Amino acid sequence: MARAGAKPGDWKITPMPEARRDVPSGRVFDAEQMARLRDGLLPEEMEDKWLVVWNDGGLDVHRSWTGHHLYRATFEPARFGCERVARLTVNRDPAQLKADDDDGLLAAQFAWCCDALVLQLRRGSLFPDRLRAPSVTIVRGDITKESCDAIVNAANEALAGGGGVDGAIHDAAGRQLQDACLALPIVPGPGGTRPIRATRCPTGESRVTPAFGELRARWVVHAVGPIHGVPDDAALLRRAFDSAFDAAVAHGARRVTVPAISCGAFRFPLKLAARIALDAARTPRDLDEVRFVLFDADAYDAWRAQLPER
């Protein structure tokens, strides 16, 4: 059960103190979630702990028993009908709250407030005091059959679909996924020129679209890994995995399903790719589970062989 949304002036609150900090946050909320944020609905069992108010175009989060202003978030339009946190200001007054210098943790705590209290999505029962490494699972199977929050696609720079995992995901999602990819902007070439080959996602980066068709996920994170042998290919592959996981977190994903990026047509050595992928997956983030789903037996064996070292 949730009570009606709180309004400014309902309870005694304190203003955001001078000791404050703006924290980077790329967190994205879809239209339905934004409507709930604006309604300010709060589970009844949390009424004595939190005051969440949509106030003058932004979201304010207070502690109800002290009135201390924890967070102030404002939003900007994002793609596919979503809105993104444009600015997240946090209370850093040590007289009011325990100070913490970890920007990632501060952003994760704000997301926890939104998800657990306002959006009433499943989250841990304790307010996070640190980021923990997600659990890692390795299975052999068809990634398009997995149920998760975000599915990572081993994409190419044009986001034009292809073979292997990329083709399978596009086939399962249907034409809507292709249309969503083509709606993403082309990245300009040197000096702002339009490249001969359309690049919507440079190597080492990721882009996010909704999932469609038969995919049992909310989001597809298109990550572009390197072709083996290009300069700094190992660093680029690590960047691709990190970018994919961070993008999933920004879109509220808790469970992420991932393939062996760059290990198909791009010919990246399996042993090295597995080590890079598992290192990235075990980096502390606001995720519950990273699930590697590997279609090929050799890739599965390579990933499994690296797991005991972690």
Val220, sole failed condition from (1) among the aliphatic types (A, V, I, L, M); (2) modelled with pLDDT under 95; (3) surrounded by 15 or more Cβ atoms within 10 Å (Cβ to Cβ): (2)
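Give the residues of the stretch 71-114 that are among the hydrophobic types (A, V, I, L, M, F, W, C), assigned to a strand (DSSP E or B), farther than 23 Å from Pro284 by Cα and touching a helix residue (DSSP H, G or I) at 6+ places or on another chain (Cβ under 8 Å), sorted by residue number. Let's see the steps before the verdict.
Step one: filter the stretch 71-114 for residues among the hydrophobic types (A, V, I, L, M, F, W, C), giving 73, 75, 78, 80, 82, 85-86, 88, 90, 95, 97, 99, 105-108, 110-114.
Filter once more, keeping what is assigned to a strand (DSSP E or B): 73, 75, 85-86, 88, 90.
Subset that is farther than 23 Å from Pro284 by Cα: 73, 75, 86.
Selection gives Ala73, Phe75.
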Just one of Asp296, Asp242, Asp279 is farther than 21 Å from Ile169 by Cβ and touching a helix residue (DSSP H, G or I) at 6+ places or on another chain (Cβ under 9 Å); which is it? Asp279
Which ones in the stretch 73-99 are without any contact (Cβ under 8 Å) to a residue 24 or more places away in the chain and in contact with a strand residue (DSSP E or B) (Cβ under 9 Å, 6 or more places away or on another chain)? Thr74, Glu76, Pro77, Ala86
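Does Arg207 fit the bill of being open to solvent by 30 Å² or more (accessible area, probe 1.4 Å), under 25 Å from Ala172 (Cβ atoms), touching a His at 6+ places or on another chain (Cβ under 9 Å) and part of a loop (DSSP other than H, G, I, E, B)? Step through it out loud before you land on a result.
Values: open to solvent by 30 Å² or more (accessible area, probe 1.4 Å): yes; under 25 Å from Ala172 (Cβ atoms): yes; touching a His at 6+ places or on another chain (Cβ under 9 Å): yes; part of a loop (DSSP other than H, G, I, E, B): no.
For Arg207, the condition - open to solvent by 30 Å² or more (accessible area, probe 1.4 Å), under 25 Å from Ala172 (Cβ atoms), touching a His at 6+ places or on another chain (Cβ under 9 Å) and part of a loop (DSSP other than H, G, I, E, B) - is not met.
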State all residues of the stretch 267-300 that are touching a strand residue (DSSP E or B) at 6+ places or on another chain (Cβ under 9 Å), more than 16 Å from Asp246 (Cβ to Cβ) and open to solvent by 60 Å² or more (accessible area, probe 1.4 Å); if no residue qualifies, say none. Arg291, Phe295, Asp296, Tyr300
For the stretch 15-29, pairs from a residue that is surrounded by 15 or more Cβ atoms within 10 Å (Cβ to Cβ) to a residue that is of a type in the set (Gly, Ala, Ser) and assigned to a loop (DSSP other than H, G, I, E, B), with Cβ under 8 Å and 6 or more apart or across chains, are Arg27/Gly252; Val28/Ala78; Val28/Gly252; Phe29/Gly252
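Conditions (1) hydrophobic (A, V, I, L, M, F, W, C); (2) more than 21 Å from Gly161 (Cβ to Cβ); (3) not in a loop (DSSP other than H, G, I, E, B), marked per residue:
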| residue | (1), (2), (3) |
| --- | --- |
| Arg267 | no, no, no |
| Ala273 | yes, yes, yes |
| Thr283 | no, yes, no |
| Val290 | yes, yes, yes |
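Answer yes or no: is there a residue in the stretch 256-265 that is modelled with pLDDT under 95 and either in a strand (DSSP E or B) or open to solvent by 30 Å² or more (accessible area, probe 1.4 Å) (or both). Before you say what the answer is, go through the steps one by one.
Residues of the stretch 256-265 that are modelled with pLDDT under 95, as a first pass: 264-265.
So of that shortlist, the ones also either in a strand (DSSP E or B) or open to solvent by 30 Å² or more (accessible area, probe 1.4 Å) (or both) come out as 264-265.
The answer is yes, given that some residue of the stretch 256-265 is modelled with pLDDT under 95 and either in a strand (DSSP E or B) or open to solvent by 30 Å² or more (accessible area, probe 1.4 Å) (or both).
Residues checked against (1) out of contact with any Lys or Arg (no Cβ under 6 Å at 6 or more places or on another chain); (2) open to solvent by 40 Å² or more (accessible area, probe 1.4 Å):
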position: Ala35; (1), (2): yes, yes
position: Asp56; (1), (2): yes, yes
position: Phe75; (1), (2): yes, no
position: Thr89; (1), (2): no, no
position: Asp93; (1), (2): yes, no
position: Gln96; (1), (2): yes, yes
position: Ala111; (1), (2): no, no
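The values are calculated or read from the model by the stated rules, or taken from the named source; none is laboratory data. These numbers were taken from a predicted model, which means no experiment stands behind them. Note that we place each Cβ from the backbone using ideal geometry, even for glycine, and neighbour counts take in every protein chain shown. Surface areas here come from the heavy atoms of the whole protein model, side chains and all, with no ligands, DNA or RNA. Shrake-Rupley method; radii C 1.70, N 1.55, O 1.52, S 1.80 Å.
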